[in-house]
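What follows draws every value from the coordinates through simple rules; no lab data is involved. Keep in mind that this is a model prediction, so the values were computed, not measured. All Cβ positions, glycine included, derive from the backbone under ideal geometry; neighbour counts span all protein chains shown.
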Amino acid sequence: MNTHEWESKLIDYIDGKATKAEREVVEQALLHNEAVRNLYNQLTEIIGAMNEARVLEPSGKLKANFEQALQGEIAAQSKSTKTVHFSPTLYRIAAGIVLLLVGLAIGFKINQSNVEADRLAKLEQQLEENRKMMLAMMDNQLSASQRMTGVSVAYQLEKPDDEIVSVLVKAMNEDTNTNVRLAALDALGKFSDEPVVRSELIGSLKVQKDPVVQIALIQLLVKMKEKSVLNQLEKITRDAGTLKAVKDEAHAGILKLS
């Protein structure tokens with residue numbers, strides 16, 4: 001089984017939803033497969049943190065909770081000598097912890113009948129600091145996993161500001177890690193109804209060099225029914241330096257958009 005399949009089985013196992021046969025398969029793997037054990041440990045930490053977050057009463061320690069939630073996911077990966085690659089789903093679980101903590105704090109504070117102005121101002125300041133931490137993680141050139149987590153937090157936003165869009169575009173076009181590029185593209189795709197984001201996605205087709213991201217980008221633009229990229233798709237099909245798989249996707253896109 002690949003990593004994604006193990007993630008699904010382990011989550012069911014942890015939640016007590018696995019069948020007897022599935023439990024036996026998982027337990028045998030935990031005994032004999034170090035990579036599966038590492039993934040199991042990471043999942044239990046993340047899911048445990050989510051369960052704690054659901055009953056957490058927000059306090060003035062929001063920043064510490066935010067940092068702990070994010071850094072906990074990073075630390076879990078560094079404990080193992082073997083690398084276990086997280087899927088975007090797992091990064092979004094970690095991102096969900098962060099946003100849940102922030103959301104609980106907002107609800108707790110604002111629903112008080114006598115909210116003091118200075119306390120509300122401090123909360124707003126805290127949220128701005130958290131936003132800056134997210135941007136810093138997305139710009140961390142020493143850790144792809146931190147950039148991935150930062151991008152996944154951005155994905156959870158309802159509407160990103162211009163600065164966040166700019167950082168996501170940079171990640172999509174320039175990041176050295178293909179998974180980070182794909183995650184950034186995924187986040188931007190969520191916000192593709194925004195004119196600025198749509199324009200950046202169209203522009204990326206001209207400069208994108210990662211073939212995996214090129215294919216995903218073409219698929220997204222076709223899904224968006226963006227006919228303005230037809231000329232660029234034609235150029236891709238004629239480019240001698242472009243991989244055949246990318247050319248095939250571009251050709252398929254032309255047929256769908258024409």
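Pairs of Cα atoms under 8 Å, at least six residues apart: use those to get the relative contact order of segment 168-258, whole percent.
Relative contact order of segment 168-258: 23 percent.
Quote to one decimal, in nm, the extra length available between LYS122 and SER143 on full extension: 0.36 nm per residue of separation minus the C-alpha distance between them.
4.5 nm
Taking the mean number of other Cβ atoms within 10 Å as a proxy for protection, how do you rank 156-166, 187-197 from highest to lowest?
Ranked from most to least packed, the peptides come out as 187-197, 156-166.
Sticking with the crude label model, points 7 Å out along Cα→Cβ, report the distance from GLU174 to SER258 in nm, one decimal please.
3.7
Which entries of LYS206/LYS227; LYS132/LYS159; LYS132/LYS209; LYS159/LYS256 show an alpha-carbon separation above 20 angstrom in the structure shown?
LYS132/LYS209; LYS159/LYS256
Round to the nearest 0.05 the FRET efficiency obtained for ASP193 and GLU234 when R0 = 25 Å and r is the Cβ-Cβ distance.
0.45
If packing is taken as the mean number of other Cβ atoms within 10 Å per residue, what is the order of 222-230, 147-155, highest first?
147-155, 222-230
I'd like the per residue volume of the convex hull spanned by the Cα atoms of segment 168-258, given in cubic angstrom.
79
Using Cβ counts within 10 Å as a stand-in for footprinting exposure, how do ASP139, ASP175 rank, fewest first?
ASP139, ASP175
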